[in-house]
Amino acid sequence: LRAAARQLPLEALYRDTSGFVRDTILGKKPEGEGQHRPGLLFEENNMRVKEVEILSVALTDADIKRQLDGVNRNTVAARLQDVSLQVELDSARNQDEVESARAQLLLNAIKRKSAIKSIQIADDLARGQEEVARDQTLAQIKAENAATLRKAEADHLLEVEAINLKREAERAEAALALQTAEQEADLKYKTELAKIEEELTAAIASADVNRLGAVQPGLVEAISGLGNSELAAALAENLPKAGGGLDRLLGGVSSMSALKQMVAGTPMGAALDALGVKRQPTKGQE
């Protein structure tokens, strides 16, 4: 402590003796919250001094103590005087700043009032000019509005007329398309029907021909075995009854002609030619 004390001026040492002692023994306190002084380690017994309590500080030399006390009193008095002067200076400065601020506020208020008055005058002037201009252009605006309205009405009428014409054209086109489709469908139906009827007629004729072809050999053979008198009697009795069926079968050809066609080139055909048999009309038939 003595060696460290000799490194400081007496005034500084006397002013903060407690801090000097603690810094010298325990070390300076690190910066930061929660940090502690490192303390003083005695390596001989591994003991560490962690805290020092300063009970009193006294100077053994009375003259030096008296002089230091006088210096301290003078220092305190000078500092108090400095503080007083500083307070007066701060007060004067504050008063000046307050007066300056008050004057500036008054000046700003005057400027604002003047600006507001200028703005009001300018607004009144502009409003008057706008009213004059509005009065001058009111008739023109009305005329332009009327012309715009008439043009809008004319455009609307043209648009409606165009829509109606388009609608009529679409209706006519749809009717024409419908009529064309109906005609095409009818023509297709008739064509298909004629084709079916033609195929049906051909199929019926083919079936009839097949049936006649199957019946002709047996019929010729059966009739060839009869005598001429028996043949004449059988034909006279049965041919008129079967005539209608043969007529329909052979597509309208008479029964005798159909029979002659069936047995042509056979002995029965020659016998029919020799007999000259004719069909006898019956009720409802020829």
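A search for C-beta distances below 7 Å between a residue of segment 18-45 that is part of a loop (DSSP other than H, G, I, E, B) and any residue that is of a type in the set (S, T, N, Q), counting only pairs 6+ apart in sequence or on different chains, returns 29/35. Between 53, 130, 43, the distinction of being over 30 Å from residue 2 (Cα atoms) and open to solvent by 100 Å² or more (accessible area, probe 1.4 Å) belongs to 130 only. Quick check on my filter: what residues within segment 1-14 are assigned to a helix (DSSP H, G or I), open to solvent by 60 Å² or more (accessible area, probe 1.4 Å) and free of Cβ contacts under 8 Å to residues at least 40 places away in the same chain? If the condition is that a residue be assigned to a helix (DSSP H, G or I), open to solvent by 60 Å² or more (accessible area, probe 1.4 Å) and free of Cβ contacts under 8 Å to residues at least 40 places away in the same chain, then 2, 3 are the ones that fit. The set of residues in segment 26-53 that are touching a helix residue (DSSP H, G or I) at 6+ places or on another chain (Cβ under 8 Å) and acidic (Asp, Glu) contains only 51.
The rows are residues; the columns are (1) open to solvent by 80 Å² or more (accessible area, probe 1.4 Å); (2) at pLDDT 85 or above; (3) assigned to a helix (DSSP H, G or I).
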residue	(1), (2), (3)
195	yes, yes, yes
202	no, no, yes
205	no, no, yes
211	yes, no, yes
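Of all residues in segment 37-96, exactly one satisfies the criterion of being among the β-branched types (Val, Ile, Thr) and touching an Asp or Glu at 6+ places or on another chain (Cβ under 8 Å), namely 71.
Regarding residue 76, is this residue at pLDDT 85 or above, surrounded by 10 or more Cβ atoms within 10 Å (Cβ to Cβ) and of a type in the set (Val, Ile, Thr)? No, not satisfied.
The values are calculated or read from the model by the stated rules, or taken from the named source; none is laboratory data. Note that this is a predicted model, so its numbers are computed, not measured. Quick reminder, even Gly has a Cβ in these numbers, built from the backbone with ideal geometry, and neighbours come from all protein chains shown. The accessibility values were calculated without ligands, DNA or RNA, using every heavy atom of the protein model including side chains. Shrake-Rupley method; radii C 1.70, N 1.55, O 1.52, S 1.80 Å.
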